[in-house]
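The values are calculated or read from the model by the stated rules, or taken from the named source; none is laboratory data. What you are looking at is a predicted structure, and each value in this text was computed from that prediction instead of being measured. Here the Cβ is made from the backbone with ideal geometry for all residues, glycine too, and neighbour counts use every protein chain on show. For accessibility, only protein heavy atoms count, side chains too; no ligands or nucleic acids. Shrake-Rupley method; radii C 1.70, N 1.55, O 1.52, S 1.80 Å.
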Amino acid sequence: MEEYRLKIENLSKSFPGVKALDKVQLEVRPGSIHALIGENGAGKSTLMKCLFGLYHPEEGRILIDGEEVKIHNPNEALQHGISMIHQELNPIPYRNVVDNIWVGRFQKKGLVVDEEKMRKMTEDLLADLEFDISADTLAKDLSVSQLQAIEIAKAVSYDAKLIIMDEPTSSLTVAETRHLFKIMRRLKEQGCSIIYISHKLEELFEVSDEITVMRDGQYIGKWSADEITIDELIAQMVGRNMEERFPPREESVQEEILLRVENYTSADPHSFQNISFEVHRGEILGIGGLVGAQRTELVEAVFGLREIKEGKLFLEGKEIRNKSPRDAIKNGFALLTEERRATGIIPMLNVKDNTLAVAYKKLAGNSLGYINDRKLSKSVDEISRELDVRMPGTWALIKNLSGGNQQKVLVGRWLLADSSILILDEPTRGVDVGAKYEIYRIMRKLAREGKAIIMVSSEMPELLGMSDRIMIMCEGKKAGVLDYREANQVEVMRFATSFSNKAKEDEEEA
């Protein structure tokens, strides 16, 4: 048997104004889980797209089981036994699970599609992977984590010998992540090789055999997972020692209550009910809970995106109404949404226009009625430098930036709007450790300036490391509030499962 299932040698790829890959190498053994990590913009996704035939490198070689191959498109990649779970999900919304898994390779009986056979194959596949999802459900009715599960099932269905997993756990709960790791280990035992890309470094050591680090489009090195620490890994990724993962905590919380939410109840009876909380000027209020706790639904209602049955909002002691996002923006609210591609970026526009999307009128206006483009460009340049957005220039299309840099642009959008209350829903999802630190630093700076920040996060270290207080939700209800001095992982999880545990106890007693 060949020592390496995959061997990439001196691969280079350029785009206008940037060299994305510079003589990169990668070696993956048969039946192993190989982590590929680096900051956003390091070239990880570009390298995988070259391997999967989506991009075509200018130089270098790809060898599968010792044989050099040329991969011009995804079909050829699949023929060579390579499948890929992409970072950004692109389901066919009005088709069911069966069609989403088998699209492009429908099973046929003569000249017609064999629906019965495909349904049986789908049900068997989902059962084998222990995914509790109906084959008849339309993709538009699936949650993000369920869509991720369907992508995993689709990749496995090709019976590939090499599976690329690009940020597969970004939308998964802890339990779902554990389930994915179980599947990965089973595939590994069957001889399948897995390339695993993730920014959640703790996960890498739990599941990976070897780790390759990339930085600025270059290969930095390869280590066995048991011979390097998280801190050493971070230093290799960013090219410097990062002593702390979070900026120093500052006592910026003031006595003044900037926002008070009273008895917020969703118009949807299955969503959040009777939620009350307050946020002080200069405070970062974390909102924790498991997937399904209705955290996103709550903050979207505060921003005017969802209808409420009852409830009141008070800004600086005065009652206001956010009937729509337009009202919310006028009242000084900002919302960084959970899904940046679906509800954040405007993909066909450049970085400059995306950054100015909310603040355009405010920054462009003047008494003479003409637009000062120089002033606008200066504002975008300054905020892009402050957030360290890595790009060829503000003229670059935002869709061509890495996920982390797209997120920084969206943060910059709301900073230019000078909002007083920032709602950040999973602000560092899919963002590397270096970019995370920059976003955390900006959050601390905004709190110091007297802004109020509401941060929804599924990452426990982030909740504990950045929040002044944490409000925990469970099944649409407020389960408890913890000060950062008393908060720890055990206490947060105790509240996050409190109503579920009580229901279980009541059921057992009955």
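Tabulated data
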{"quantity": "Test: residue in region 357-375 that is farther than 30 Å from Gln148 by Cβ and at pLDDT 85 or above", "calculated": "no"}
{"quantity": "Checklist (1) outside any loop (DSSP other than H, G, I, E, B); (2) out of contact with any helix residue (DSSP H, G or I) (no Cβ under 8 Å at 6 or more places or on another chain); (3) of a type outside the set (Gly, Ala, Ser) applied to Val24, failing item", "calculated": "(2)"}
{"quantity": "Matching residues in region 1-21 - criterion: being part of a loop (DSSP other than H, G, I, E, B) and at pLDDT 80 or above", "calculated": "Glu3, Tyr4, Arg5"}
{"quantity": "Failed item in (1) on the phi < 0 side of the Ramachandran plot; (2) open to solvent by less than 60 Å² (accessible area, probe 1.4 Å); (3) at pLDDT below 95, with Leu54 passing the rest", "calculated": "(2)"}
{"quantity": "Top-ranked residue in region 307-353 [being among the polar types (S, T, N, Q) and modelled with pLDDT of 90 or more; ranked as nearest to Ser379 (Cα to Cα)]", "calculated": "Asn350"}
{"quantity": "Region 432-456: number of residues that are open to solvent by 30 Å² or more (accessible area, probe 1.4 Å), in a helix (DSSP H, G or I) and of a type outside the set (Ser, Thr, Tyr)", "calculated": "4"}
{"quantity": "Flag for Ile101 being under 22 Å from Leu187 (Cα atoms), among the β-branched types (Val, Ile, Thr), buried (at least 18 other Cβ atoms within 10 Å of the Cβ) and in contact with a Lys or Arg (Cβ under 8 Å, 6 or more places away or on another chain)", "calculated": "yes"}
{"quantity": "Scope region 243-285; condition charged (D, E, K, R) and either under 19 Å from Asn331 (Cα atoms) or in a strand (DSSP E or B) (or both); matching residues", "calculated": "Glu256, Arg260, Glu262, Glu278, Arg281, Glu283"}
{"quantity": "Number of positions in region 150-180 that are touching a Phe, Trp or Tyr at 6+ places or on another chain (Cβ under 9 Å) and under 15 Å from Pro93 (Cα atoms)", "calculated": "1"}
{"quantity": "Qualifying helices (runs of 4 or more DSSP H) (wholly inside region 457-510; at least 1 residues being out of contact with any helix residue (DSSP H, G or I) (no Cβ under 9 Å at 6 or more places or on another chain), of a type in the set (Ser, Thr, Tyr) and modelled with pLDDT under 90)", "calculated": "498-509"}
{"quantity": "Matching option when the condition is on the phi > 0 side of the Ramachandran plot and touching a residue at least 60 places away in the same chain (Cβ under 8 Å), among Glu130, Glu167, Glu151, Glu189", "calculated": "Glu167"}
{"quantity": "Residues satisfying the stated conditions in region 57-72, i.e. part of a strand (DSSP E or B), surrounded by fewer than 18 Cβ atoms within 10 Å (Cβ to Cβ) and touching a residue at least 24 places away in the same chain (Cβ under 8 Å)", "calculated": "Glu59, Gly60, Arg61, Leu63"}
{"quantity": "Any hit, region 378-387, residues being closer than 19 Å to Ala435 by Cβ, touching a Gly at 6+ places or on another chain (Cβ under 8 Å) and either outside any helix (DSSP H, G or I) or modelled with pLDDT under 80 (or both)", "calculated": "yes"}
{"quantity": "Lone unmet requirement of (1) under 24 Å from Glu203 (Cα atoms); (2) at pLDDT 85 or above; (3) part of a loop (DSSP other than H, G, I, E, B) for Arg429", "calculated": "(2)"}
{"quantity": "Within region 309-361, tally of residues that are part of a loop (DSSP other than H, G, I, E, B), within 25 Å of the chain's Cα centre (by Cα) and not hydrophobic (A, V, I, L, M, F, W, C)", "calculated": "5"}
{"quantity": "Helices (runs of 4 or more DSSP H) lying entirely in region 73-192 (those with 2 or more residues that are small (Gly, Ala, Ser), modelled with pLDDT of 85 or more and farther than 25 Å from Gln407 by Cβ)", "calculated": "144-157"}
